[in-house]
Amino acid sequence: MSGIQGTQVVGRVALVLRVIARTGGAGLSLAGIVRASGLTRPTVHRLLKALAADGLLDFDEASGRWHLGPELYVMGTVAAGRFAVEHLARPALRRLAEATGESAFLSIRRGEETVCLAREEGSFPVRSFVLYEGKRFPLGVASAGIAILAFLPAGEAEPIIEDDRERIAEYGPTHAAAPLRERLAETRELGYSVNPGLVVEGSYGLGAAVFDPSGRPAWALSLTGIEPRFRPGRREELGQELLAEAHRLSTAIASPRP
């Protein structure tokens, strides 16, 4: 029984940290964490106090909001040595943003989600703010997740595609299994994914999978912007730019590094 309770505590700690991380640095109040996590107020309060005592969370008295703490920064810095893809991707993001004028992003697969790791703003003054560092989407929703899901082995992808209840509840019927399969087929044909305003109306996204050394889609590069900037013709040009950088990054990841 104690083992089960211990596992439950770890799960709740991870949930609270993710909820706060999803704010992109804005932080959350106690009430906001309770709402976002679904945990009871006393449980959240105990977890926050314990995590703050170990430096994993930090409380801003001026705003009344909780933020990720300094100890997590230290841990993240250490972990970054194993996950150096963000460093390798920075030149690709800059080239994409400079060449297209759109905002460019790197996302990583985490289980059945994608998490945005890095972005580079383009020069075009009107931007889409759907994606930002720390933002999570279920696989198959945003352009990065569509691109990754399209190139997963069928046996791994199919259960994710079929389990569409939460996707439909949060993002609508366009994210049901049948229309998602059509988008995945289109992605495999084009090589890159197209998200035509399915998350936020008028906000377009393109995504291209980035592969690990074993050939599995583990990351994705994406471009986002407003619909008039992603019209047919230019959309194909953007897709080719994206594919070229994704291929270059996949090659760099597979190359031996000192």
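The calculated Kirkwood hydrodynamic radius for the range 121-258 is 15.4 Å, given to one decimal from all distinct C-alpha pairs.
Computed with a 1.4 Å probe over protein heavy atoms only, the accessible surface of the range 128-258 comes to 47 Å² per residue. For the range 152-258, GluC sites (Glu not before Pro) meeting the loop criterion (DSSP other than H, G, I, E, B) and having at most 12 other Cβ atoms within 10 Å: Glu201. Within the chain, which is the longest segment containing none of the trypsin sites (Lys or Arg not before Pro) that sit in a DSSP loop and have at most 16 other Cβ atoms within 10 Å? In short, 128-258. Free of any chymotrypsin sites (Phe, Trp or Tyr not before Pro) that DSSP assigns to a loop and that have at most 13 other C-beta atoms within 10 Å, the longest stretch within the chain is 130-258. For the chain, the mean residue ellipticity at 222 nm estimated from helices alone is -15500 deg cm²/dmol, where every DSSP H run of n ≥ 4 contributes -39500 (n - 2.57) and the total is divided by all residues, rounded to the nearest 500. Convex hull of alpha carbon positions in the chain: directionally averaged projected area 16.0 nm². Computed from the C-beta positions of Gln8 and Glu86 and an R0 of 45 Å, the FRET efficiency is 0.90 to the nearest 0.05.
To put it simply, the accessible area of the chain at a 1.4 Å probe is 56 percent carbon and sulfur. Let me know the whole percent of all Cα-Cα pairs from the range 1-59 that are separated by more than 16 Å. Here the tail beyond 16 Å accounts for 40 percent of pairs.
The values are calculated or read from the model by the stated rules, or taken from the named source; none is laboratory data. Values in this document were obtained by computation on a predicted structure and should not be read as measured data. Backbone-built Cβ (ideal geometry, glycine too); neighbour counts: all protein chains shown. Side chains included, ligands, DNA and RNA excluded: accessible areas come from the protein's heavy atoms. Shrake-Rupley method; radii C 1.70, N 1.55, O 1.52, S 1.80 Å.
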